[in-house]
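Mind looking over this structure? Questions follow.
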Amino acid sequence: MKKKTLLFLGSKPIGFYCFEFLIQQQNELNIEVLGLLSNDNPTFNPDLSLKHLATQHGIAIMDALDNMPEVDFLVSVQYHEILKANHLAKAKILAINLHMAPLPDYRGCNQFSFAILDGKREFGTTLHVMDSGIDHGDILFEKRFPIPEACWVQDLYQLTFDASIDLFKQHIKDILVGNYTRTPQAELIPERGYSLHYRHEMATIKQVDLSWNEEKIARHVRACSMPGFEPPYALVHGEKIYLSRTWQKG
């Protein structure tokens with residue numbers, strides 16, 4: 001049986017591990033990974049380089065979406081650019097994305113922080129079809145789990161990371177062989193609601209007003225204390241006073 005062709009678009013540790021899995025399982029999955037597009041974002045772990053992994057396995061590294069060849073599948077995991085209709089059309093069978101949040105509840109960026117701010121009790125991760133909207137396409141598979149009491153953003157990220165790896169490994173073969181049912185997100189909005197968040201919103205939610213009640217301050221600190229990024233802060237006489245995890249009472 002002829003192998004199906006695939007391009008991988010991704011970044012960050014989650015992208016590295018999903019890319020590595022596809023490379024290792026090419027024979028089992030009956031695929032050929034033809035190329036990689038990645039900005040190789042080193043924010044979380046500079047040792048997990050997708051480009052280095054591609055070079056090790058003789059996989060072409062592409063420099064732009066416009067230069068992609070036609071393939072059977074596009075697989076995106078934390079890719080940094082939004083694909084336009086002409087890019088998505090390069091997938092002859094399907095273009096899919098692993099979104100590290102439940103859909104349609106949390107589209108876009110920084111979903112972990114907003115779920116904590118919203119006081120949600122449940123979170124999740126989703127494999128969905130890519131269309132011209134942001135995290136908008138039909139859901140193929142998902143995994144949901146409870147958010148622990150007083151959860152911190154780093155802990156929610158790790159829970160979602162682990163669930164995302166499991167979801168990808170469990171269902172990528174189903175997607176490649178067509179063993180799935182597409183669920184339009186519009187059908188789920190009445191039950192789940194939806195939101196769309198952008199990266200620039202973090203600058204606003206990181207600023208804490210010390211006149212807020214203790215619970216609201218603690219929630220913002222828990223939601224915005226991600227290692228490697230500017231921590232939450234309060235302005236005192238025009239000066240930023242940073243708030244850390246050790247600050248929270250109890």
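Values in this text are rule-based calculations from the coordinates and carry no lab data. Owing to the predicted nature of the structure, the values given are computational and were not obtained by experimental measurement. Every residue, glycine among them, receives a Cβ derived from its backbone with ideal geometry; neighbour counts consider all protein chains shown.
For segment 33-66 and segment 152-218, what is the separation of their C-alpha centers, rounded to whole Å?
25
Given a Förster radius of 25 Å and the C-beta distance between Lys240 and Tyr194 as r, what FRET efficiency does 1/(1 + (r/R0)^6) yield to the nearest 0.05?
Efficiency at R0 = 25 Å is approximately 0.15.
Another question, if that's okay. Under 21 Å Cα to Cα from Lys3, which lysines show up? Leave out anything in the same chain fewer than 8 places away.
List returned: Lys90, Lys92, Lys169, Lys173.
Exceeding 27 Å between C-alpha atoms, which entries from my cross-link table qualify? They are Lys12/Lys206; Lys143/Lys206; Lys4/Lys84; Lys143/Lys240. Spell out each step's value before the answer.
Details: Lys12/Lys206 23 Å; Lys143/Lys206 29 Å; Lys4/Lys84 23 Å; Lys143/Lys240 39 Å.
Lys143/Lys206; Lys143/Lys240, as the Cα separations exceed 27 Å there.
Report the convex hull volume per residue for segment 200-247, counting only C-alpha atoms, in Å³.
So the per-residue hull volume is 79 Å³.
Now for a separate question. Per DSSP H run of at least 4 residues, take -39500 (n - 2.57); add these up for the chain, divide by its residues and hand me the 222 nm value, nearest 500 deg cm²/dmol.
Mean residue ellipticity, 222 nm, calculated: -9000 deg cm²/dmol.
Quick check for me: using +1 on Lys/Arg Cβ and -1 on Asp/Glu Cβ, what's the dipole size of the chain about its Cα centre, in debye to the nearest 20?
Computed about the Cα centre, the dipole is about 80 debye.
If you average the sequence gap of Cα pairs under 8 Å that are 6 or more apart and divide by the length of segment 200-247, what percent do you get for the contact order? Write down the numbers at each step before the final one.
Working: 53 pairs, mean separation 16.2, N = 48.
Dividing the mean separation by the residue count of segment 200-247 yields 34 percent.
Quick one: divide the alpha-carbon radius of gyration of segment 4-197 by 2.2 N^0.38 Å and tell me what you get.
That ratio works out to 0.99.
Report the charge-dipole magnitude of segment 200-247 in Debye, nearest 20, computed about the Cα centre from +1 at each Lys and Arg Cβ and -1 at each Asp and Glu Cβ.
For this selection, approximately 140 debye.
Fewest Cβ neighbours within 10 Å first, please rank Glu28, Glu81 accordingly.
Glu28, Glu81
How large is ³J(HN,Hα), in whole Hz, for each residue of segment 144-151 in order, when computed from phi with the Karplus curve 6.51 cos²θ - 1.76 cosθ + 1.60 and θ = phi - 60°, using x for Gly and Pro?
Residue by residue, segment 144-151 yields 10, 8, x, 8, x, 4, 6, 6 Hz.
Contact order normalised by length for the chain, with contacts defined as Cα pairs under 8 Å and 6 or more residues apart; what percent is it? All intermediate terms of the calculation are to be shown ahead of the outcome.
Values: 453 pairs, mean separation 39.9, N = 250.
Relative CO of the chain lands at 16 percent.
Something else now. Toward the positive end of the charge dipole of segment 200-247, about the Cα centre and with charges on Cβ (Lys, Arg +1; Asp, Glu -1), which of Val208, Ala218, Gly238 goes farthest?
Ala218
Here is a further query. Provide His99, His171 in ascending order of the number of other Cβ atoms located within 10 Å of each residue's Cβ, fewest first. Write down the numbers at each step before the final one.
Values: His99 26, His171 19.
Ascending Cβ contact count within 10 Å gives the list His171, His99.
Now for a separate question. If you split all Cα-Cα distances of segment 1-101 into 10 Å bins from zero, what percentages do you get per bin, shortest first?
Histogram of Cα-Cα distances, whole percents per bin: 16, 53, 29, 2, 0.
Rounded to the nearest 0.05, what FRET efficiency do Ser132 and Gln207 give with R0 = 35 Å and r taken as the Cβ-Cβ distance? Could you check?
0.55
Could I ask something else about it? Say a paramagnetic label sat at a point 7 Å from the Cα of Gln26, along Cα to Cβ; which residues of segment 70-107 have their backbone N under 17 Å from it?
Under 17 Å, as judged by backbone N against the label point of Gln26, lie 71-75 of segment 70-107.
Mind ranking 223-232, 6-15 by how tightly packed they are, going by the mean number of other C-beta atoms within 10 angstrom, highest first?
Result, highest mean first: 6-15, 223-232.
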